[in-house]
Structures are given as C-alpha cells and as structure tokens.
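Since every read-out is calculated from the coordinates, none of them should be taken as a lab result. These figures come from a predicted structure and were not determined experimentally. So basically every Cβ, Gly included, is an ideal-geometry build from the backbone, and we count neighbours across all protein chains shown.
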C-alpha cells in the first residue's frame, strides 16, 4: 500500500537528512527518484551524494546521464521516472499530483520557509485523500512522528 511521509526539517539541513533516508530506501531493495525544485539544487545534491561521508557514497546519477534506467537513485527537476522507482523524494518545493504510483512518497521541507510550509500543507491535503500519510519533525536529533492520517 502506498504511503506519504512528510519530513519537517527543523534541526538539520536537507544535505544531512536526505542521505540517511536514501540509504534506508536502498537497504529495502528499492530504487528512488529525487525530484528537486531547481537545477542548482539538483547539481549540489549530485555532488553531495558522492562525498557526504568519507567512508561511503550513494550510487546515483542525474538528468542527462547515459543509462538512467540502471540508476538506484536518479536526480531530476522533471517528472520522468526512468529507473522504475519505488520511492519518490520531493525536495526544495518540488511537487507531485500522484501519491499512488510509488510505495512511498517522501516530502522534505524546511521549517523556516513560509512558502515551503504552505506547499507542504497543500501536499498533505492532497496525499491524505489517496494514501496513508505521516508527519515527522526533528527533535533532539531524532525524527518524532507528530501526526498520522488514516488510510483512505
């Protein structure tokens, strides 16, 4: 059953939180698409995912790569899903109208951007109409579940 997870970034920047969630996604045997709100964010994440930790990296590629269908993690600013992703990550005000085509849609937004909060509220309303959704917030370095919808 599809689900949506909303991660409200209050204590860590996206660059610290996203790699952990992507690692968990790959550990499940899933593939992911990270839809970015701008080409600049996509390029920054492309570099960051290779270097975020000295002892590891996350295998991925971005729009324009030679074999996108083979990528465990695919970064884009568009709506393409070339790697048959199980999970869709929406970052930097990226959006989707479809919460049901993936096992999981992850919406990540910052707490200090009013436009991002407004978009996340809109996405929450859209998500709970079709899938179970949970809202997570950072507290003391941990993710705490603050809200959960019923499955429609």
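For the range 31-152, the antiparallel share of DSSP beta bridges with both residues in that region comes to about 30%. If I fit a long axis through the Cα atoms of helix 114-128 and take the longest principal axis of the Cα atoms of the chain, what angle between them do I get, 0 to 90°, rounded to 10? It works out to around 80 degrees.
What separates the Cα centres of the range 10-44 and the range 107-152 is a distance of 16 Å.
Under the simplified labelling scheme, the residue 50-residue 10 pair shows an inter-label distance of 3.6 nm, with each label point 7 Å from Cα along Cα→Cβ.
Can you put 130, 110 in order of Cβ neighbours within 10 angstrom, beginning with the fewest?
Details: 130 14, 110 18.
The fewest-first ordering by Cβ neighbours comes to 130, 110.
Overall shape of the chain was characterised from the C-alpha gyration tensor. The equivalent ellipsoid obtained from it has semi-axes of 23, 18, 15 Å, in decreasing order.
Once the Cα atoms are used to define both axes, helix 14-27 deviates from the longest principal axis of the chain by about 80 degrees. Every helix of 4 or more DSSP H residues in the chain counts as -39500 (n - 2.57), and over all residues that averages to -9000 deg cm²/dmol at 222 nm. To the nearest ten degrees, helix 39-51 and the longest principal axis of the Cα atoms of the chain are 70 degrees apart. Here r is the Cβ-Cβ distance between residue 26 and residue 70 and R0 is 22 Å; the resulting FRET efficiency, rounded to 0.05, is 0.95. Normalised by the number of residues in the range 73-152, the average gap of Cα pairs under 8 Å and 6 or more apart makes the relative contact order 20 percent.
By count of other Cβ within 10 Å, fewest leading, how are 112, 46 ordered? Working shown, then result.
Details: 112 8, 46 17.
So the ranking, lowest neighbour count to highest, is 112, 46.
From least to most packed, judged by other beta carbons within 10 angstrom and beginning with the fewest, 144, 73, 81 follow the order 144, 81, 73.
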